[in-house]
Amino acid sequence: MRRAFLAAAVVLGLLASAACAFAQEFNFKMATFYVKGDPAFDVIDHFRNLVAEKTGGKVKIDAFQAGELGFPVTEILEATSKGVVEMAIFYTNYKAAQDPVMALAGGRPGPVSNFDEQTKQVKAIEDLVANSFKKFGVHYVAPLIYGEPEILISTKPLAKLDDLKGRIFRASGMAAEFYTAMGAQAVMIAAGELYQALQLGTIDGLEWTDFTANYRLGYHEVAKNVLEPTKGVNLHSESAVHAFVVFNPSVWEKLPEDYKKAIVEACGEAYKWSGVYMTKLNKEYRQKWAEAGAKISELPAEDQDKVIQVSAKLLSNYAAKAPEAKEFCQRLIDLWKEIGYEKWSKALAELIK
């Protein structure tokens, strides 16, 4: 009888403990690098709603646009590490100069052109990315926002690589290195200033994700020339993770396990949702660009090998910076070969022997 009583007490204690843990409420500030109007905010809202649903409303996330919390997007990880915000989403290319894996984990040249292929890449290199985030004092959770291969827009005619020479483009991370190697001048300008920079001629063009985001931000009004990616070659960026979810380590550690599980699941579901959503939107908004009078071009065949050669050289430069970066590139080589991009795989393999 006593044993039965003790067993029942233990069970009740565990249930009470679990109930108490799940009864806790959390309100998190989440820093982002996006401006309102970007379709990424639709994914962010979907993620927030999933978290609230999975935790019975006990975990609430408020998302803030770029600069809204008083620090630049380049300092999002520092703010998260110090507890200024509990969590954030982050584009790794903002730390390209400080960590070669962070440079490689964001928008980078490559052949991958769809969500399924990109998901395979994430799985292949995720442990390396998580370790790099740890170096910046944050806890890596998961990818959240899928990015289609990016376009390049310009106020001047743009249809081939020679058209890039001598022009000024807003570009960040590896994209800036790519266009510099192609003979252009790359400059970094804050997101909120890009429309005016195009309008005033401060820049000749810019790279800012896909057709959807560029249109929603109004760039079709002032830039009527678009260079779009060629399948299997692309331009400065293949399909990529545009945002990873990270947490302040202490905040994450104190979360009940059920909440952690809910957040990870919400990331996975929202990421998959973003793959369908972003792809669909990109097709729709490509048509909107055409209807707005834009001239949309792909690189001629004779330029495509140069994209691969220049890109492989850029990637190999990063591979030489750290053992982890070399391992990252080796995994790309293996994956590209596996999914049929032999030319890309061979070009990079020859440079990092």
Qualifying position, being crowded, with 21+ Cβ neighbours inside 10 Å, within 19 Å of V141 (Cβ to Cβ) and more than 16 Å from the chain's Cα centre (by Cα), among V59, V84, V101: V59
Leading residue by the ranking (nearest to D258 (Cα to Cα)) among those in region 25-41 that are touching a helix residue (DSSP H, G or I) at 6+ places or on another chain (Cβ under 7 Å) and surrounded by 19 or more Cβ atoms within 10 Å (Cβ to Cβ): A31
Pick from region 59-92, criterion of a type outside the set (D, E) and assigned to a helix (DSSP H, G or I), ranking: nearest to V122 (Cα to Cα): T92
L332 vs. criteria under 23 Å from the mean Cα position of the chain (by Cα) and under 25 Å from L152 (Cβ atoms): yes
Filtered residues of region 191-223 (kept if closer than 20 Å to K165 by Cβ, part of a loop (DSSP other than H, G, I, E, B) and touching a residue at least 40 places away in the same chain (Cβ under 8 Å)): G201, D204, E207, A223
All positions within region 80-137 that are in contact with a strand residue (DSSP E or B) (Cβ under 7 Å, 6 or more places away or on another chain) and among the aromatic types (F, W, Y): F90, Y91, F115, F133
Every pair of residues 6+ apart whose Cβ atoms lie under 6 Å, when the first sits in region 105-123 and is part of a loop (DSSP other than H, G, I, E, B) while the second is surrounded by fewer than 18 Cβ atoms within 10 Å (Cβ to Cβ): P111/G232; S113/K231
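For (1) touching a Gly at 6+ places or on another chain (Cβ under 8 Å); (2) outside any helix (DSSP H, G or I); (3) within 25 Å of V43 (Cβ to Cβ); (4) free of Cβ contacts under 8 Å to residues at least 12 places away in the same chain, each residue gets a yes or a no:
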site: G275; (1), (2), (3), (4): no, no, yes, no
site: E284; (1), (2), (3), (4): no, no, yes, no
site: S297; (1), (2), (3), (4): no, yes, no, no
site: E302; (1), (2), (3), (4): no, no, no, yes
site: V310; (1), (2), (3), (4): no, no, no, no
site: L314; (1), (2), (3), (4): no, no, no, no
site: K326; (1), (2), (3), (4): no, no, no, no
site: S345; (1), (2), (3), (4): no, no, no, no
Evaluation of P72 against (1) under 24 Å from Y219 (Cα atoms); (2) surrounded by 19 or more Cβ atoms within 10 Å (Cβ to Cβ) (one fails), failing number: (2)
Any chance I44 is surrounded by 19 or more Cβ atoms within 10 Å (Cβ to Cβ), under 19 Å from the mean Cα position of the chain (by Cα), in contact (Cβ under 8 Å) with a residue 60 or more places away in the chain and not in a loop (DSSP other than H, G, I, E, B): yes
Any hit, region 245-264, residues being under 22 Å from V35 (Cβ atoms), modelled with pLDDT of 95 or more and out of contact with any helix residue (DSSP H, G or I) (no Cβ under 6 Å at 6 or more places or on another chain): no
Residue match in region 137-148 (condition: over 22 Å from V73 (Cβ atoms), out of contact with any Phe, Trp or Tyr (no Cβ under 7 Å at 6 or more places or on another chain) and surrounded by fewer than 20 Cβ atoms within 10 Å (Cβ to Cβ)): no
Region 28-40 residues that are under 17 Å from V241 (Cβ atoms) and at pLDDT 95 or above, paired with ones that are part of a loop (DSSP other than H, G, I, E, B) and of a type in the set (D, E) (beta carbon under 8 Å, 6 or more apart): M30/E86
Single unsatisfied condition, A266 versus (1) surrounded by 17 or more Cβ atoms within 10 Å (Cβ to Cβ); (2) more than 19 Å from the chain's Cα centre (by Cα); (3) assigned to a helix (DSSP H, G or I): (2)
Conditions (1) touching a helix residue (DSSP H, G or I) at 6+ places or on another chain (Cβ under 9 Å); (2) over 21 Å from T209 (Cα atoms); (3) without any contact (Cβ under 8 Å) to a residue 60 or more places away in the chain; (4) not aromatic (F, W, Y): number failed by D334: (3)
Options G232, G192, G166, G137; residue that is of a type outside the set (A, V, I, L, M, F, W, C) and modelled with pLDDT under 95: G192
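The values are calculated or read from the model by the stated rules, or taken from the named source; none is laboratory data. Nothing here was measured: the structure is a model prediction, and the numbers come from that model. Here Cβ is always computed from backbone atoms with ideal geometry, including for glycine, and neighbour counts include all displayed protein chains.
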